[in-house]
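**Q** Sending over a structure as structure tokens; questions will come in a sec.
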Amino acid sequence: MVQFPKIIQGGMGVGVSNWRLSQAVSKLGQLGVVSGTALDQLFVRRLADGDPGGNMRRGVDAFPFPEMARRVWQEYFVPGGRPAGAPYPTTPMHQRRELRKVVELCIVSNFVEVFLAREGHKNDVGINFLEKVQMPHMSSIYGAMLAGVGYVLMGAGIPLHIPGVIDALAAQRPAEYKLSVSGAAQGQDTAMQFDPADYVEGPLPFLKRPRFLAIVSSNTLATTMLRRASGRVDGLVLETPTAGGHNAPPRGKLQLNAAGEPVYGERDQVDLAGLRALGVPFWLAGGYGNAESVRYALEQGATGVQVGTAFAFSEESGLAPDLKQKLLGQAVAGTGDVFTDPLASPTGFPFKVAQMQGSYSDPEVAEARTRVCDLGYLREAYAAPDGVIGYRCAAEPVANFVSKGGKVEETVGRKCLCNALMANIGLAQIRKNGTVEPPLVTVGDDLNTVAQFLAPGRKSYTAADVVKSLLSLSWSVPVEAEALDREPVLAATV
Ligand SMILES: Cc1cc2nc3c(=O)[nH]c(=O)nc-3n(C[C@H](O)[C@H](O)[C@H](O)COP(=O)(O)O)c2cc1C
């Protein structure tokens, strides 16, 4: 019988839900999920810092294609780490026709993160991607599958084509993924291809098909995913607009409240009976970071909950310690303030931002930052009038964006999430003039409630504290005793 987790520790990019956090959660028999977003960049920066602790090296040593592993390591590893104050190296950006070295970096880095998260236990580990960051999808999923990932979860868009990609990769067949290209002519070929045979060294390895969970925001999207996806959808995560990270925009015309946040109304309410009627496992997300809400979700027929914010502040998460402490301090004082910014994200989706002086949420800091686009994960593909596909980001320098056919009004209030999210985990880029990219922390509306996990006199808490607390009204059994002793997922190594 399939055993599903009651708690999914939600994917939190970039690198907030890293291998350490996911391993800690999965060890307890719940589902730890690594963030797959920009893992290639994260890996390059860890290697540029000399791979403290040697964890990346351990992962690379376990990678099944040694020649590829060697190429990637040689290109990016800096023995002893980069000199103090030196910038991190940049890598070529993703594009429809990917460079081989970009694909290889994605495969290896996704493998390593999942491999490390799976070390020391037999339980499943998941990986999370944002549908909007399309170009790295196939190589990333392949890398994660090589490491035996148990679940792929995807939201921030409608990931209709991903189940088919997973099916193809599991069967070692070439996969195809249609890139969304704005302004593309009807019938224009925008597909990306990925053939495992082009990368594998030696015989094709056996790959287990991970389960696919779609993260959706409404009953309509839930139904669409189940009816129209290109392959099997194994379950749904229903995420409400109180959740950390990106939120789905409200249905209908966008209205803002006095503070400038999107207003959600009745049409955005989820119909739980309708969800149950779909007959697939589902998890509720957004404000479920407490024992009462978990019990409520289970009573409503949910398989469990997906929780992010509570885990983001645990000791194991990748959030930089100073940011963690500052925000935990706010939570304890009950002064944490979260703004649902309708403009910050170049994706156009509302994005939750913790208000913190000195961070990118601070208007002075935002004003002082010089626009630059050097990571490019959130660029959108567009077709020029001659059909050639280009890439632009509403947070890049305004003149560049406009020269690529973007509208100047689309650039207003946009923030470079790529650089900010790297800064959130202590891997900020340093610019030539010595300035350091500022962080912009995303958390859920429930930021202040995370103080509940701090034992008296303690300044920090662990992922296990969160899991125990969340299940305290739903299980009488101690959490550790529930750790599932399943068969190891067959790692695909040959
Ligand atoms: C710091 C942070 C980063 C997040 N990043 C992602 C992400 O990369 N992809 C994603 O699907 N959801 C992301 N989320 C949403 C979580 O996976 C989860 O669904 C959400 O946090 C649940 O609501 P809660 O914050 O109220 O617990 C993020 C949430 C947080 C707090």
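The values are calculated or read from the model by the stated rules, or taken from the named source; none is laboratory data. Small disclaimer: the values here were computed from a predicted structure and weren't measured. Methodologically, a virtual Cβ is constructed for each residue, glycine included, from the backbone with ideal geometry; neighbour enumeration extends over all protein chains shown. Side chains included, ligands, DNA and RNA excluded: accessible areas come from the protein's heavy atoms. Shrake-Rupley method; radii C 1.70, N 1.55, O 1.52, S 1.80 Å.
**Q** Got at least one residue in the range 390-409 being touching a strand residue (DSSP E or B) at 6+ places or on another chain (Cβ under 9 Å), open to solvent by 50 Å² or more (accessible area, probe 1.4 Å), touching a residue at least 40 places away in the same chain (Cβ under 8 Å) and in a loop (DSSP other than H, G, I, E, B)?
**A** For the range 390-409, residues touching a strand residue (DSSP E or B) at 6+ places or on another chain (Cβ under 9 Å), open to solvent by 50 Å² or more (accessible area, probe 1.4 Å), touching a residue at least 40 places away in the same chain (Cβ under 8 Å) and in a loop (DSSP other than H, G, I, E, B): present.
**Q** Moving on to the next point. Which of the residues spanning the range 249-269 are assigned to a loop (DSSP other than H, G, I, E, B) and open to solvent by 40 Å² or more (accessible area, probe 1.4 Å)?
**A** Answer for the range 249-269, where residues must be assigned to a loop (DSSP other than H, G, I, E, B) and open to solvent by 40 Å² or more (accessible area, probe 1.4 Å): PRO249, ARG251, GLY252, LYS253, LEU254, GLN255, ASN257, ALA258, ALA259, VAL263, TYR264, GLN269.
**Q** Being of a type in the set (Lys, Arg) and more than 15 Å from the ligand (Cβ to nearest atom) is the filter; apply it to the range 113-137 and report the residue that is least open to solvent (accessible area, probe 1.4 Å).
**A** Only one residue fits best here, namely ARG118.
**Q** If GLN134 satisfies every condition in (1) in a loop (DSSP other than H, G, I, E, B); (2) over 19 Å from VAL14 (Cα atoms) but one, which is the exception?
**A** The failed condition is (2).
**Q** Now, a different point. Which members of the range 191-213 meet the condition of being of a type in the set (A, V, I, L, M, F, W, C) and in contact (Cβ under 8 Å) with a residue 24 or more places away in the chain?
**A** Across the range 191-213, the qualifying residues are MET192, PHE194, ALA197, VAL200, LEU204, PHE206, LEU207, PHE212, LEU213.
**Q** Condition first: surrounded by 24 or more Cβ atoms within 10 Å (Cβ to Cβ), part of a helix (DSSP H, G or I) and more than 16 Å from the ligand (Cβ to nearest atom). Can you find one or more residues in the range 144-151 that meet it?
**A** Scanning the range 144-151, I find at least one residue that is surrounded by 24 or more Cβ atoms within 10 Å (Cβ to Cβ), part of a helix (DSSP H, G or I) and more than 16 Å from the ligand (Cβ to nearest atom), so the answer is yes.
**Q** Considering only the range 232-248, state which residues are away from the ligand (no atom under 15 Å from the Cβ) and either in a helix (DSSP H, G or I) or buried (at least 17 other Cβ atoms within 10 Å of the Cβ) (or both).
**A** The answer is VAL233, ASP234.
**Q** So, one more: When VAL16 is evaluated against the numbered criteria (1) closer than 12 Å to PHE311 by Cβ; (2) more than 12 Å from the ligand (Cβ to nearest atom), which criterion, by number, is the only one it fails?
**A** (2)
**Q** Test PRO159 against the stated conditions and say whether it is more than 17 Å from GLY15 (Cα to Cα) and within 16 Å of the ligand (Cβ to nearest atom).
**A** Considered against the rule, which asks whether it is more than 17 Å from GLY15 (Cα to Cα) and within 16 Å of the ligand (Cβ to nearest atom), PRO159 comes out as yes.
**Q** Could you check the range 346-374 and list, in sequence order, the residues that are open to solvent by less than 60 Å² (accessible area, probe 1.4 Å) and part of a helix (DSSP H, G or I)?
**A** VAL365, ALA366
**Q** Filter the range 440-482 for residues that are of a type in the set (Val, Ile, Thr), open to solvent by less than 50 Å² (accessible area, probe 1.4 Å) and modelled with pLDDT under 95 and give the result.
**A** Scanning the range 440-482 gives a single hit, VAL479.
**Q** Can you tell me which of GLU292, GLU299 is free of Cβ contacts under 8 Å to residues at least 12 places away in the same chain and not aliphatic (A, V, I, L, M)?
**A** GLU299
**Q** Being open to solvent by 60 Å² or more (accessible area, probe 1.4 Å) and not in a strand (DSSP E or B) is the filter here, so list the residues in the range 163-180 that pass it.
**A** ARG173, PRO174, SER180
**Q** Could you check the range 152-162 and list, in sequence order, the residues that are open to solvent by less than 10 Å² (accessible area, probe 1.4 Å) and not aliphatic (A, V, I, L, M)?
**A** GLY155, PRO159
**Q** Could you list, in sequence order, all residues of the range 291-342 that are farther than 17 Å from LEU421 by Cα and near the ligand (Cβ under 10 Å from one of its atoms)?
**A** Hits for the range 291-342 are SER293, VAL305, GLN306, VAL307, ALA310.
**Q** Would you call THR224 of a type in the set (Ser, Thr, Tyr), open to solvent by less than 60 Å² (accessible area, probe 1.4 Å), within 16 Å of the ligand (Cβ to nearest atom) and modelled with pLDDT of 95 or more?
**A** When the stated conditions are applied, THR224 does not pass them.
**Q** When only residues in the range 276-286 that are part of a loop (DSSP other than H, G, I, E, B) and surrounded by fewer than 19 Cβ atoms within 10 Å (Cβ to Cβ) count, which is nearest to the ligand (Cβ to nearest atom)?
**A** PRO281
**Q** So which of PRO5, PRO64 ends up being in a loop (DSSP other than H, G, I, E, B) and farther than 30 Å from SER474 by Cα?
**A** Within the list PRO5, PRO64, the selection yields PRO64.
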